[in-house]
Amino acid sequence: MIKVDISNVWGQLSLPDLLAMEKEVAAAHDTLINGDGPGNDFLGWLDLPVRKATDEITRIQKAAKKIRSDSDVFVVIGIGGSYLGPRAAIELLQGPNHNIGKGKGNPQIFFAGNGLSTRHWNELTRLLEDKDFSITIISKSGTTTEPAIATRALRWMLERKYGTDGAKSRIYAITDPCKGALRQMATEEGWETFVIPPNVGGRYSVLTAVGLLPLAVAGIDIMEMMNGAADAKESYDLRSFENPVWQYAAVRNLLYRNGKVLEIFESFEPGFKMFGGWWQQLFGESEGKDGKGIFPATAEFTADLHSLGQMIQQGQRNIFETMVRFDPPAQTYTIGSDWKNLDGLNYLEGKTLDFVDEKAYLGTVAAHVDGGVPVITIDAGELNDRKVGELFYFLELCCGVSAYILGVNPFNQPGVELYKRNMFQLLGKPGYEK
Ligand code: PA5
């Protein structure tokens, strides 16, 4: 079970304050699970965890096996909720350099359609020139500009390389079961398709084909992940302050009420960066509305202690931190002795890197708490496929409960549309002239 350590927040709030929130947190949790709050037509994610492969999961596993055997590279096209989840899990489990040394049998995974950079595009197409590759297009609406542009171009590249029929067997569409341009295109072109259920929003979709197909191609055991999510569904249904979901959701709301309007979600693992990105979208899009919300920021320690450290320690006192910790890996690194000791490091001789990391963590928390920055620690335990599934579901639950405590609809994102409308108008898209 994931543990939430709130011992480093007491300088900023009191236990009676927290306990006084019991009814409020219970009501928010009930609202979420009973489905009687705003946005309740987007609660499909609550029931995604399964312990036995469904037909859809079996098809995903079969497609992943084919892609692993016939592709050096798998390109995942999508943006926002249609891309952050799989990238987060791959980087967390396999590291930010996961593509090094990979090829057919265990393909490299690249992401496209998550921006409009020509430089990024040129780099990707150069890389694909002499490679066998397959693509998945992930878009619930099927009309998002960034992935649509990447799709058109990559599909043509595939057709030039393998012919129309050959290309067809290398394109996988993940979209709404019935509507949207991508569904229509996939049907017309005969591409294999997987479904984003209509009642699952983008940022809650990682346990659908959106996450599962890329993760299976990356060699991650998706049923282990689903089991982890199913563990979470059972464990975190508890209606009391023993539930870590309650602790995290309640404490962050209390801190917010006490003027802590910015949360830094952080870890000492470089592979955690994109997981932070996934969390940022989840909480940012769910809570940032009606003039309310905690601004979700991310940091990677120790690297960012040398850039953001000063601001955290002595800048505006409107910050709190949420630190995610994992158990150290089985393979350790021990610091050796140097007979000259010119760097003065011999005092660490025989100590593991984990030992130093642990002291850096403890030292950082003590310093920040001293500086008036409360720190919540999420102790996730061993890092593996199952744990990542548990973490996804745990944080989704925390987000739903937290947003209902805040008094907003966790499942809409009306503010995301405005930039799209402006862009369409500036680009001259038919129907958006005024
Ligand atoms: O959370 C969201 O709804 C957004 O981030 C979407 O996932 C993103 O805009 C991509 O949308 P679509 O899947 O329709 O292409």
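The values are calculated or read from the model by the stated rules, or taken from the named source; none is laboratory data. Keep in mind it's a predicted model, so treat the numbers as computed, not measured. Counting neighbours? That spans all protein chains shown, and the Cβs are built from the backbone with ideal geometry, glycine included. SASA here: full protein model, heavy atoms, side chains in, ligands and nucleic acids out. Shrake-Rupley method; radii C 1.70, N 1.55, O 1.52, S 1.80 Å.
In this simple spin-label approximation, GLU242 and GLU224 carry label points 7 Å from Cα along the Cα→Cβ vector, and these lie 2.9 nm apart. The stretch between LEU15 and ASN122 holds 33.0 nm of extra length on full extension. This uses 0.36 nm per residue minus the Cα-Cα distance. Each of ILE335 and ASP47 was given a label point 7 Å from its Cα along the Cα-to-Cβ line. The distance between the two points is 5.4 nm.
Accessible surface comparison of CYS398, CYS178, probe 1.4 Å, protein chains only, largest first: the order is CYS178, CYS398. Which helices pass in the chain if a helix is a full DSSP H run, must span at least 30 angstrom along its long axis by Cα, and must have mean Kyte-Doolittle hydropathy not below -0.5? Helix filter hits for the chain: 385-406.
The residues SER307, SER141, sorted by heavy-atom accessible surface at 1.4 Å with ligands and nucleic acids left out, run SER307, SER141 from largest to smallest.
Using only Cα atoms, figure out Rg for region 163-208 and give it as a multiple of 2.2 N^0.38 Å.
Numbers: Rg = 11.7 Å, N = 46, 2.2 N^0.38 = 9.4 Å.
So the Cα radius of gyration is 1.25 times the expected 2.2 N^0.38 Å.
Between the DSSP loop rule and a limit of at most 16 other Cβ atoms within 10 Å, which trypsin sites (Lys or Arg not before Pro) in region 311-383 are left? It would help to have the intermediate numbers written out before the result.
Details: sites: ARG317, ARG325, LYS340, LYS351, LYS359; in loops: ARG317, LYS340, LYS351.
Answer by residue number: ARG317, LYS340, LYS351.
At 222 nm, what helix-only mean residue ellipticity would the chain give, in deg cm²/dmol to the nearest 500, using -39500 (n - 2.57) for each DSSP H run of four or more?
Values: 15 runs with 199 residues, N = 434.
Value at 222 nm, helices only: -14500 deg cm²/dmol.
Which residues in region 206-236 have a backbone N closer than 16 Å to a point placed 7 Å from the Cα of ARG59 along the Cα-to-Cβ line? 208-214, by backbone N distance to the label point. Could you check which residue among THR143, THR175, THR332 shows the biggest mean-square fluctuation in a GNM of the chain with a 10 Å Cα cutoff? Residue with maximal mean-square fluctuation among THR143, THR175, THR332: THR332.
Straight-line reach from LYS289: taking Cα to Cα under 14 Å and skipping same-chain neighbours fewer than 8 places apart, the aspartates and glutamates in range are GLU417.
Relative to the present Cα-Cα distance, how much length would full extension add between GLU189 and THR302 at 0.36 nm per residue of separation? Could the numbers behind the result be given before it?
On the way: separation 113, 0.36 × 113 = 40.68 nm, distance 4.88 nm.
Here the answer is 35.8 nm.
Pick from LEU92, LEU395, LEU345: which residue has the top mean-square fluctuation in a GNM of the chain where Cα pairs under 10 Å get a spring? Checking each option, the largest mean-square fluctuation is seen for LEU345. Counting only protein heavy atoms and a probe of 1.4 Å, the accessible surface of region 45-220 is 51% carbon and sulfur.
Between region 88-154 and region 1-58, the alpha-carbon centres lie 33 Å apart. Taking a point 7 angstrom from the Cα of PHE355 along the C-beta vector, which residues in region 315-335 have backbone N less than 17 Å away? Only 328-335 pass the distance filter.
ASP47 contributes an accessible area of around 110 Å² to the protein surface, as traced by a 1.4 Å probe with all chains present. Note on the chain: with a GNM built from Cα contacts shorter than 10 Å, the maximum mean-square fluctuation among GLY142, GLY371, GLY293 falls on GLY371. Within region 330-434, the proportion of Cα pairs with more than 19 Å between them is 73 percent. Within a straight-line Cα-Cα reach of under 15 Å, LYS131 can be paired with the following aspartates and glutamates, leaving aside sequence neighbours fewer than 8 residues apart in one chain: ASP70, ASP72, GLU123, GLU159. The Cα-based radius of gyration of region 45-220, divided by its Kirkwood radius, gives an Rg/Rh of 0.93.
Between THR143 and TYR347, take the C-beta separation as r, use R0 = 51 Å, and let me know the FRET efficiency to the nearest 0.05.
Working: r = 60 Å, r/R0 = 1.18.
The pair THR143/TYR347 has a calculated efficiency of 0.25.
Our estimate of slack between LYS168 and ARG257, defined as 0.36 nm per intervening residue step minus the Cα-Cα distance, is 26.7 nm.
Shown here for region 281-323: GluC sites (Glu not before Pro) in loop regions (DSSP other than H, G, I, E, B) with at most 11 other Cβ atoms within 10 Å, of which there are none.
I need to check one value: relative contact order of region 45-220, counting alpha carbon pairs closer than 8 Å and at least 6 residues apart, in percent. Don't skip to the end; give the middle numbers.
On the way: 302 pairs, mean separation 55.5, N = 176.
With pairs under 8 Å counted, the relative contact order is 32 percent.
Skip the ligands, DNA and RNA, and give the accessible area per residue of region 1-77 with a 1.4 Å probe, whole Å². Working shown, then result.
Values: 3960 Å² over 77 residues.
Per residue, region 1-77 has an accessible area of 51 Å².
The C-alpha radius of gyration of region 258-349, expressed as a fraction of 2.2 N^0.38 Å, stands at 1.47. If R0 is 51 Å, the Cβ-Cβ spacing of GLN310 and ASN106 corresponds to a FRET efficiency of close to 0.75.
Normalised Debye scattering of the chain at q = 0.06 Å⁻¹ gives log10 I(q)/I(0) of -0.27, counting only Cα atoms as equal scatterers and leaving out solvent.
When the solvent-accessible surface of protein heavy atoms is calculated with a 1.4 angstrom probe, in what order do TYR248, TYR404, TYR419 fall, highest first? Intermediate results must be reported in sequence, preceding the final value.
On the way: TYR248 0, TYR404 30, TYR419 105 Å².
Most to least solvent-accessible, the answer reads TYR419, TYR404, TYR248.
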